[in-house]
Amino acid sequence: MPIQPVDLLLTGGYVVTMDARRRLIPNGAVAIKDDKIVAVGPAPELETTFQAKTIIDCQDCVISPGLINAHTHVPMTLLRGLADDLRLDVWLYGYMMPVEREFVNNNFCYIGTLLACAEMIRSGVTTFCDMYYNEAEVARATAEAGMRAVLAQTILKFPSPDATNYDESLEYCRRFIEEWLDHPLIVPAVGPHAPYTATPDMLRQCVRLATEYDVPLHIHVAETALEQENSRTQYGMTVVPWLDQYDLFQAKVIAAHCVHLEDGEMHTLHRHNAGVAHCPSSNMKLASGTAPVSKMVNLGLHVGIGTDGPASNNDLDMFEEVRLAAFLQKGVFGDPTLLPARKVWELATIEGARALHIDHLTGSLEPGKKADIAIISTDRTHQLPHFHRDPEAVYSRLVYASKATDVRDVIVNGRVLMRHRNLLTLDEPEILSEAGEIARQIDAFLMAREESILSKLLAISADFIPQETFEIQVKVRLDEPFDLHTRLQEAGLTAYKPSRRDQYDTYFLFKEHDTDRLRFREDEIRDEQGNLLETFYTMTLMGPTSEKEYEHSILLTRARYTATAGHSLRFYREYFKPVEEREVIKHRQRCHVLYKETDFAINLDRMVVPEKDTLYLEIKSRTWSAKDALHKAELIGELLERLGLQTAAPVKNEYVEMVRPGNGK
Ligand SMILES: [Zn+2]
């Protein structure tokens, strides 16, 4: 046989092919020409058949397909360790999104991706699947690093760091796809973030875009139990059928997480050949649950393994991920035979490639495929000794004993990216120094934010209305039952805008910002019969109050900031970490009266907590000058007299001050 010229010959290693027969070749070799594998076989055979420009001796090493990180958000390396040990919503809405809004731009995505690529190459990853913003910059950095990637441009129903609306994101995504479609390393993709951040119209347009260019569609699916619960209550169905309504699975879907799938949903994914990206570290760290991976695999679904973003992991170490994937199934489902070493190595290589819809390119070592290869040392102390009785022990060695740092060389698309642990395409010290600079800026931003409750609140509220109010008010305690309606009539006053409501207030008190109080209010509006009409939630920051006393009444000047409370009380509690909480519950009858051409609000409050069943009457009016306040103080005095309350003693305390301190949670 004539000697054929090739570019690269990897020889003398233990070849783990991951081909259809899962061939294992001790003392094997892989011949590479240009970007492709041309032969895989015993070393003596290939050494005589091929003449290589470069020969890499792989003695004491495994030659394996490079690992495939099936789901991540690579620029988030720059947010690694920023905020941990928090619940998903506090982590996401309290930290990640505000910082992203402030910092994510082209440079952030470019530097973050370079850092991620350096880390991934070091751990034997040759391909990854991403979803983030400014994805063209992620592509640019990835191509420079020489890695293969499926890169999805994120699309959200609300404004994102790189778009003010989803039409803009879709347009960006289209340009991104067109720019990178024919690149040898990059597979551009469409990334509607998740069902709960999408609208039906947005999803339909994403599917149209993905099918038009025949590119994958990357989406988070059923990551948390809450997501499924909300979908059931909102739409009367779980997320997969909901997505199916909008023909999502017509596209080549990559569904990340899939932790809380019902059996029928797994069948739907399988029927449509959707890939699944299982992220064990992230699911454990954020306590999302355990994905039924064994079940999905048995069903024939293509499941890959992903690290998820480095802000929720916090690294991109696929060796750790592979091992956790195996351990998690065994431990949680109580069966040590689940997801054996060979199977889990399949998920990290060939099945990962299938999940990403690129198994025609990568995922196994066989002629015709791209040369995406990790060469892993197996002669370290923690990997020895070796047993040869069962050749499949090599998978145990890889999954249960090897570490990312055992990866010696990495080749992608026929190009050597790491040799003897030296990165050949990236300037690591330069990347680390730039990453450090961005981290310093983020640190300064967050430290400034934590200095005031207001700036913390502004960081998570889009519709905040800062407002300083001046109010003149009187509050009197009523010792006898009081019929507001009748009393107003008798006083010759006409009530307007009447309402009845139950108000549940939780006040957060802070030690360092002791003049600031944050109030979370649930208002249950009721009709005359007490039926619930609507419920709404507001968050109010009450800044320092200054007071001036008049006869009968006090002038209050205070800064108040009120917004719709878009999150749960639990979220605000975990985000603001108050030192004390106080609860005030009352039934409030409210109306306005016009008295001598001046508007007054009147509240008749029956307390539930504290001081059960105590009645208070409040008369309030907005004011804007000392002279006006004096005038209104006089009018309030007259109103009290008309209502027969001239002898009632004014109460200076606000309700929150009547709560005995110290019942904080
Ligand atoms: Zn994710």
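Restriction of the trypsin sites (Lys or Arg not before Pro) in region 588-630 to DSSP coil positions whose beta-carbon has at most 13 other beta-carbons within 10 angstrom yields LYS596, LYS612. Of all lysines in the structure, the ones whose alpha carbon falls short of 22 Å from that of LYS632, not counting any fewer than 8 places away in one chain, are LYS475, LYS497, LYS548, LYS596, LYS620, LYS652.
Find the relative contact order for region 217-315 and round it to a whole percent, using C-alpha pairs within less than 8 Å whose residues are 6+ positions apart.
Values: 161 pairs, mean separation 26.4, N = 99.
Averaging sequence separation for qualifying contacts and normalising by length gives 27 percent for region 217-315.
Put in line by how crowded their Cβ is, counting other Cβ atoms within 10 Å and starting with the fewest, THR535, THR224, THR72 read THR535, THR224, THR72. With respect to the chain, whose longest principal axis is taken over its alpha-carbon atoms, helix 135-145 is tilted by about 30°.
At a 10 Å Cβ-Cβ cut-off, how would you order PHE128, PHE600, fewest neighbours first?
Working: PHE128 29, PHE600 23.
Lowest to highest Cβ neighbour count: PHE600, PHE128.
Relative to the longest principal axis of the Cα atoms of the chain, the long axis of helix 428-450 lies at roughly 10 degrees.
Region 291-339 and region 267-283 have their alpha-carbon centroids 11 Å apart. Spatial offset of region 55-92 relative to region 169-247 amounts to 23 Å, using the alpha carbon center of each.
How big is the dipole moment of the chain about its Cα centre under a simple scheme where the beta carbon of each Lys and Arg is +1, that of each Asp and Glu is -1, and everything else is neutral? Debye, nearest 20, please. All intermediate terms of the calculation are to be shown ahead of the outcome.
Details: 72 positive and 97 negative charges, 177 e Å.
Taking the Cα centre of the chain as origin, the dipole is about 860 debye.
When both region 499-532 and region 380-415 are represented by their alpha-carbon centers, they are found 60 Å apart. Among the cysteines of the chain, those whose beta-carbon sits 4.7 Å or more from every other cysteine beta-carbon are CYS109, CYS117, CYS129, CYS173, CYS206, CYS258, CYS279, CYS591.
3J(HN,Hα) couplings calculated from phi for region 165-178 with the Karplus curve 6.51 cos²θ - 1.76 cosθ + 1.60 (θ = phi - 60°) are, in sequence order, 7, 6, 4, 5, 4, 4, 5, 4, 4, 4, 5, 4, 4, 4 Hz; Gly and Pro show x. Neighbour counts of other Cβ atoms within 10 Å put ILE63, ILE442, ILE3, ILE68 in the fewest-to-most order ILE3, ILE442, ILE63, ILE68.
Within region 375-465, which chymotrypsin sites (Phe, Trp or Tyr not before Pro) sit in a loop by DSSP and count at most 15 neighbouring Cβ atoms inside 10 Å? Walk me through the intermediate numbers first.
On the way: sites: PHE387, TYR395, TYR400, PHE445, PHE464; in loops: PHE387, PHE464.
When the chymotrypsin sites (Phe, Trp or Tyr not before Pro) of region 375-465 are filtered for loop state and at most 15 Cβ neighbours within 10 Å, PHE387 remain.
Looking at the square roots a ≥ b ≥ c of the eigenvalues of the Cα gyration tensor of region 269-393, which shape do they give, rounded for a/c under 1.5, prolate if a/b is larger than b/c, or oblate? Walk me through the numbers on the way to the answer.
Numbers: a/c = 1.39, a/b = 1.10, b/c = 1.27.
Judged from the Cα gyration tensor, region 269-393 comes out rounded (a/c under 1.5).
Taken over the chain, the convex hull of the Cα atoms encloses 182 Å³ per residue.
Cross-link reach is defined here as a Cα-Cα straight distance under 19 Å, omitting same-chain residues fewer than 8 places apart; for LYS456 the lysines meeting it are LYS511, LYS577. Relative contact order for region 368-436: what is it in percent, counting Cα pairs under 8 Å that are at least 6 residues apart? Once divided by the residue count of region 368-436, the mean separation gives 34 percent.
Indicate, rounded to the nearest 5 percent, the antiparallel portion of the DSSP beta bridges found entirely in the chain.
Numbers: 107 of 148 bridges.
In the chain, approximately 70 percent of DSSP beta bridges are antiparallel ones.
For LYS36, list the lysines whose Cα falls under 22 Å from its own Cα; do not include residues on the same chain fewer than 8 positions away. Counting by Cα, and skipping residues close in sequence, LYS36 has these lysines nearby: LYS53, LYS369, LYS370.
Relative contact order for region 462-658: what percent, with Cα pairs under 8 Å and sequence separation of 6 or more? Present the calculation step by step, with values, prior to reporting the outcome.
On the way: 414 pairs, mean separation 59.3, N = 197.
Rounded, it is 30 percent for region 462-658.
May I have the convex hull volume per residue, in Å³, for the Cα set of region 423-559? Show your work: numbers first, answer last.
Numbers: hull volume 28.6 nm³, N = 137.
Expressed per residue, the convex hull around the Cα atoms of region 423-559 is 209 Å³.
Here is the list for region 549-595: GluC sites (Glu not before Pro) lying in DSSP coil, each with at most 14 other C-beta atoms within 10 angstrom of its C-beta, are GLU551. What's the whole-number percent of alpha carbon pairs in region 462-658 lying beyond 20 angstrom? I get 60 percent for the Cα pairs in region 462-658 exceeding 20 Å.
Along its principal axes, region 1-122 has C-alpha extents of 66, 28, 24 angstrom, given from the largest down.
Values in this text are rule-based calculations from the coordinates and carry no lab data. These numbers come from a predicted model, not from an experiment. Note that we place each Cβ from the backbone using ideal geometry, even for glycine, and neighbour counts take in every protein chain shown.
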